[in-house]
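S.K.: This structure is in structure tokens; I'll ask about it shortly.
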Amino acid sequence: MIKIAVPKESELGELRVALVPDTVARFVKLGFEVLVQTGAGLAAHFTDAEYEAAGARMINSPSQLWGEAEILLKVAPPGEQNGQPELNWLKPGAILISFLNPLGNPEGIQELAQRKITGLSMELIPRTSRAQSMDALSSQANIAGYKAALIAAASLPRLFPMMTTAAGTIPPAKVLVVGAGVAGLQAIATARRLGAVVEAFDVRPAVKEEVQSVGAKFIEIPIEEDTATTGGYAKEVGKSTQERIREVLTEHIKKSDVVITTAQVQGKRAPLIVTEEMVGEMKAGAVIVDLAAGQGGNCACTEPGKDVYYNGVTIIGPLNLPASLPIDASQVYAKNLLTLVKYLVKDGEMNLDFEDDIIASTCVTFNGEIRNPKVKEALATLVEA
Ligand code: NAD
């Protein structure tokens, strides 16, 4: 019986939990033994009694829980508890499946290799239709996009929808969404449901139809260079293209009540799209919600985790929005993990077949080696610096 362990998340503000009681019951039915740390689900509103009823064995001591794990399922990368690295408790040969921030923290991956822990990074699930139900970046970005639109609506000193009242007609708010990936599309859909008029831009022209299908107008900016990778991600665009984008967007940003930015380029600093000068030209009372705050920000005025007031404009740089909706965020994340673990285990045995693209892409460390070339590159750059 493979032992799966679910610890209580130790990172400040991380309210999600890797498995919810429903998925625990599914794992137990599949023949796994599931160990859950006492209180692991409380911040996400799942009680110990619910986990027990689902068939989990509750363990109070974190060191015992980590120490017994054959597969440890987590949300945030391992951290510290009482000044001790949590990884001290994990046995060599154990499998850790979590968000691991492999390109942002390659040293963390090196540490896994040194400790002979097999690491699978949820950020590296390929964006293919076969892996869709394991795609945690999408399941969490969807939630972040929804919450970004709600934050914008709640922070704007005016209404989102048009209202025709006896006291006059109020026009709808104008929302601009920059970056129409998973989060951007959900932000558009949510802002539309709240009654705003929405337009959107993305460097990948292929998203035009998706933008239109969720009810926004797509801003066309002719771009000559190739902007998409084969994996569906955006490429970093050249300086002159970025200048051209800023030039066109300036006019749209000036007229917007809300700008929601979600533009990211995998493994790089987020592109700077809204300059300080552009913020200076926005309407008084306008709101920017910058979902790229954790990756350097799409707006020059963004401060990660803070609200900034600049010339009458509020710039909000939220971090970890999925954690603000921990019930649903945990539910879908747990489903992503269930699908992945079922995929990894064949006939009751772990089967890491590196010929398989999902496993090859997601597994960052095995047998003391770092397997991911981009992580190795990032480490080499650190050594040079
Ligand atoms: P992301 O978070 O990496 O980036 C968000 C968006 O920012 C992307 O749409 C990107 O094109 C855009 N962007 C980058 N630089 C920009 C710039 N300078 N100006 C404006 N926009 C910019 O992206 P994501 O949401 O994780 O997903 C990207 C894409 O991957 C999806 O839209 C989709 O095509 C693909 N995808 C495929 C699957 C699947 O097939 N299973 C699942 C998820 C995503």
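S.K.: Can you find even one residue in the stretch 22-36 that is polar (S, T, N, Q), under 20 Å from Val332 (Cα atoms) and not in a helix (DSSP H, G or I)? Give the derivation first.
M.R.: Taking the stretch 22-36 and keeping what is polar (S, T, N, Q), we get 23.
Restricting the remaining residues to those that are under 20 Å from Val332 (Cα atoms) gives 23.
If we keep only those that are not in a helix (DSSP H, G or I) as well, we get none.
Among the residues of the stretch 22-36, not one is polar (S, T, N, Q), under 20 Å from Val332 (Cα atoms) and not in a helix (DSSP H, G or I), which makes the answer no.
S.K.: With respect to Ala334, determine if the residue is of a type in the set (Gly, Ala, Ser), farther than 30 Å from Lys254 by Cβ and crowded, with 20+ Cβ neighbours inside 10 Å. Give the derivation first.
M.R.: On the way: of a type in the set (Gly, Ala, Ser): yes; farther than 30 Å from Lys254 by Cβ: yes; crowded, with 20+ Cβ neighbours inside 10 Å: yes.
Criteria met by Ala334.
S.K.: For the stretch 73-82, name all the residues that are open to solvent by 10 Å² or more (accessible area, probe 1.4 Å) and either of a type in the set (Gly, Ala, Ser) or under 18 Å from Leu337 (Cβ atoms) (or both). Walk me through it before giving the result.
M.R.: Residues of the stretch 73-82 that are open to solvent by 10 Å² or more (accessible area, probe 1.4 Å), as a first pass: 77-82.
Matches in the stretch 73-82: Pro77, Pro78, Gly79.
S.K.: Right, next: Could you pull out the residue among Val287, Val308, Val258, Val237 that is away from the ligand (no atom under 16 Å from the Cβ), out of contact with any His (no Cβ under 7 Å at 6 or more places or on another chain) and farther than 24 Å from Pro161 by Cα?
M.R.: On the way: Val287 fails: farther than 24 Å from Pro161 by Cα; Val258 fails: farther than 24 Å from Pro161 by Cα; Val237 fails: away from the ligand (no atom under 16 Å from the Cβ).
On inspection, the qualifying residue turns out to be Val308.
S.K.: Residues in the stretch 159-185 that are under 19 Å from Ser138 (Cβ atoms) and aromatic (Phe, Trp, Tyr): how many?
M.R.: 0
S.K.: Shifting gears a bit: If you check every pair at least six apart or on different chains, which have Cβ atoms under 6 Å apart with a residue in the stretch 121-137 that is outside the structural domain of Asp356 (by TED's automatic domain parsing) first and a residue that is in a loop (DSSP other than H, G, I, E, B) and near the ligand (Cβ under 8 Å from one of its atoms) second?
M.R.: Ile125/Ala131; Ile125/Asp135; Arg127/Gly231; Arg127/Gly232
Yes/no per residue for (1) of a type outside the set (Phe, Trp, Tyr); (2) open to solvent by less than 40 Å² (accessible area, probe 1.4 Å); (3) more than 22 Å from Thr118 (Cα to Cα); (4) modelled with pLDDT of 95 or more:
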| site | (1), (2), (3), (4) |
| --- | --- |
| Phe27 | no, yes, no, yes |
| Phe32 | no, yes, no, yes |
| Ala44 | yes, yes, yes, yes |
| Ala54 | yes, yes, yes, yes |
| Gln84 | yes, no, no, no |
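S.K.: Hey, among the residues in the stretch 288-316 that are in contact with an Asp or Glu (Cβ under 7 Å, 6 or more places away or on another chain) and either crowded, with 23+ Cβ neighbours inside 10 Å or β-branched (Val, Ile, Thr) (or both), which one's farthest from Asn101 (Cα to Cα)? Lay out the reasoning, then the answer.
M.R.: Just the residues of the stretch 288-316 that are in contact with an Asp or Glu (Cβ under 7 Å, 6 or more places away or on another chain), to begin with: 297-302, 314-316.
Now narrow it down to the ones that are either crowded, with 23+ Cβ neighbours inside 10 Å or β-branched (Val, Ile, Thr) (or both): 297-299, 302, 314-316.
Details: Gly297: 17, Asn298: 20, Cys299: 22, Thr302: 21, Thr314: 29, Ile315: 25, Ile316: 23 Å.
Only one residue fits best here, namely Thr314.
S.K.: Same structure, new question: Quick check on the stretch 216-227. Is at least one of its residues touching a Lys or Arg at 6+ places or on another chain (Cβ under 8 Å) and at pLDDT 95 or above?
M.R.: Scanning the stretch 216-227 turns up at least one residue that is touching a Lys or Arg at 6+ places or on another chain (Cβ under 8 Å) and at pLDDT 95 or above.
S.K.: Determine the pairs where a residue that is part of a loop (DSSP other than H, G, I, E, B), located within the stretch 182-196, has a partner that is within 16 Å of the ligand (Cβ to nearest atom) and modelled with pLDDT of 95 or more with Cβ atoms under 6 Å apart, the partner being 6 or more residues away or on another chain.
M.R.: Within 6 Å, the pairs are Ala196/Val175.
S.K.: Still on this structure: Please specify each residue of the stretch 56-72 satisfying the condition of being free of Cβ contacts under 8 Å to residues at least 60 places away in the same chain and buried (at least 23 other Cβ atoms within 10 Å of the Cβ).
M.R.: Step one: filter the stretch 56-72 for residues free of Cβ contacts under 8 Å to residues at least 60 places away in the same chain, giving 56-64, 67.
Selection gives Ala56 alone.
S.K.: So, one more: Kindly check whether there is at least one residue in the stretch 156-178 that is of a type in the set (A, V, I, L, M, F, W, C), within 13 Å of the ligand (Cβ to nearest atom), touching a Leu at 6+ places or on another chain (Cβ under 6 Å) and not assigned by TED's automatic domain parsing to the domain that holds Val75. Walk me through it before giving the result.
M.R.: Of the residues in the stretch 156-178, the ones of a type in the set (A, V, I, L, M, F, W, C) are 156, 159-160, 162-163, 166-167, 170, 173, 175-178.
Those left that are additionally within 13 Å of the ligand (Cβ to nearest atom): 176-178.
Of the ones still in play, those that are also touching a Leu at 6+ places or on another chain (Cβ under 6 Å) are none.
The answer is no, given that none of the residues of the stretch 156-178 is of a type in the set (A, V, I, L, M, F, W, C), within 13 Å of the ligand (Cβ to nearest atom), touching a Leu at 6+ places or on another chain (Cβ under 6 Å) and not assigned by TED's automatic domain parsing to the domain that holds Val75.
S.K.: Touching a Ser or Thr at 6+ places or on another chain (Cβ under 8 Å) and open to solvent by 20 Å² or more (accessible area, probe 1.4 Å), is that true of Glu243? Working first, answer last.
M.R.: Working: touching a Ser or Thr at 6+ places or on another chain (Cβ under 8 Å): no; open to solvent by 20 Å² or more (accessible area, probe 1.4 Å): yes.
It is false that Glu243 is touching a Ser or Thr at 6+ places or on another chain (Cβ under 8 Å) and open to solvent by 20 Å² or more (accessible area, probe 1.4 Å).
The values are calculated or read from the model by the stated rules, or taken from the named source; none is laboratory data. Given the structure is predicted, the values throughout are model-derived calculations rather than measurements. Here the Cβ is made from the backbone with ideal geometry for all residues, glycine too, and neighbour counts use every protein chain on show. Accessible surface is based on the protein model in full, side chains and every heavy atom, while ligands, DNA and RNA are left aside. Shrake-Rupley method; radii C 1.70, N 1.55, O 1.52, S 1.80 Å.
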